Amino acid sequence: MKKIAIFDSGVETPEEIIMAAGFTPYRLFGDPTIDPEKANEHIPPTHCIWTRNLLEQALNGLPEDIVGIIGTHGCDRTNREFDIWLECLDYEFMFFLNSPRKINELALNFFINDIKEMILQLEETFNIKITNENISQAIKLMNEIRSMLKKISDLRFEKKLYGYEFHSIVKRAQQEDKKSMLEFLNSKFNELNQRSKIVENDYKNILLTGSEIDDTEFIKYIEDLGFHVIVDDLGVGTKYFWNTIDEEEDPITSIAKYHLSKPINSTKYPSYKRFEVIKNLATKYNVDGIINVAQKFCEPVLYDHPYMKKKCKELGIPYLFVEVSYNREAYKQLSTRFSAFAEMI
């Protein structure tokens, strides 16, 4: 099956529409082992390093079975960079989806109309018909996947699953064929549920949040220092599966409502709703601390940090903020700060 690539920092691209069109949604991830040399010819070095990394991969050539790209307004960097993708890349289908920054009735109607425009352009480009019935079937399948991911996620709380293991599972779910993925998730849950507890009792249970963290090696690096990512607030994590879509309402309306009602990211308004999500997760999973990671030049998370720090202090939850380059060698420079935080909590 051909793929539609997704360039999206906020996991707000409606995969169900891509599936109903007969394609596999394929979310693009960065590669911290490469430098954005070609991308730097188009974008200043102070621009988000993660989005520059994705552009570098696109300029070098994406997998051959990708026939189109959808960019979704996760942040202003992805917004403006998509114009460069349009100029530099040649794909049969390229569409920018405007995901609203506010969450209200006006924003909902705006989002519904933009999703309908995306459907129209998919139909015209590929000479297909995207029916409500096919969208509804895709919603049902994705809801089953989200439910299974949530069940597997809770195995972290039972200490049967490391955070980095779960992170790799969510990455697979965002790139592979969904029907095959559901079979894999059911099998994987049955396998993991038979495990005995594997996480040491003295590991510090943390909630991990911040920028787009798509490098599983970074999660493993943190956990090797004595932490356990018992829960997260990430795009490769709970933001992807925490809620499900209403299967009874008009499917396009349901999809739009789902994306505007799921855990809020740092580019959305109002900011206090994001902290409510963090607080609820921290309370439910009884975390020892919160680690907030900003990719270098990730302005939304940098602006969000002072408010998060203040609110965590009010709740008495230990909080660590770190800024990191999208480079595995850079991770090692944080070991002292992470170790000091572990001792503090």
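The values are calculated or read from the model by the stated rules, or taken from the named source; none is laboratory data. In this text the structure is predicted, and so the values were computed from the model without any measurement. With ideal geometry, Cβ positions are generated from the backbone for all residues, glycine too; neighbour counts draw on all protein chains shown.
Structure values in brief
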read-out	value
Criterion: in contact (Cβ under 8 Å) with a residue 24 or more places away in the chain, out of contact with any Cys (no Cβ under 9 Å at 6 or more places or on another chain), of a type in the set (D, E) and under 22 Å from F338 (Cβ atoms) - qualifying residue of D224, D232	D232
Condition check for S271: out of contact with any Ser or Thr (no Cβ under 8 Å at 6 or more places or on another chain), closer than 17 Å to F111 by Cβ and modelled with pLDDT under 95	no
Candidates F110, F95, F29, filtered to the one that is modelled with pLDDT of 95 or more and touching a Lys or Arg at 6+ places or on another chain (Cβ under 9 Å)	F29
Odd one out for L97 among (1) more than 22 Å from N265 (Cα to Cα); (2) crowded, with 19+ Cβ neighbours inside 10 Å; (3) not basic (K, R)	(1)
Subset of segment 235-265 that is among the hydroxyl-bearing types (S, T, Y) and in contact (Cβ under 8 Å) with a residue 40 or more places away in the chain - its residue that is surrounded by the fewest Cβ atoms within 10 Å (Cβ to Cβ)	S261
Qualifying residue in segment 45-60 (condition: touching a strand residue (DSSP E or B) at 6+ places or on another chain (Cβ under 7 Å), at pLDDT below 95, aliphatic (A, V, I, L, M) and buried (at least 22 other Cβ atoms within 10 Å of the Cβ))	yes
Which numbered condition N79 misses (of (1) under 21 Å from the mean Cα position of the chain (by Cα); (2) assigned to a loop (DSSP other than H, G, I, E, B); (3) within 17 Å of S211 (Cβ to Cβ))	(2)
Index of the failed condition, N201 passing every other in (1) within 21 Å of the chain's Cα centre (by Cα); (2) at pLDDT below 95	(1)
Complete set of residues in segment 207-238 that are of a type outside the set (F, W, Y) and in a strand (DSSP E or B)	L207, L208, T209, G210, H228, V229, I230, V231, D232, D233
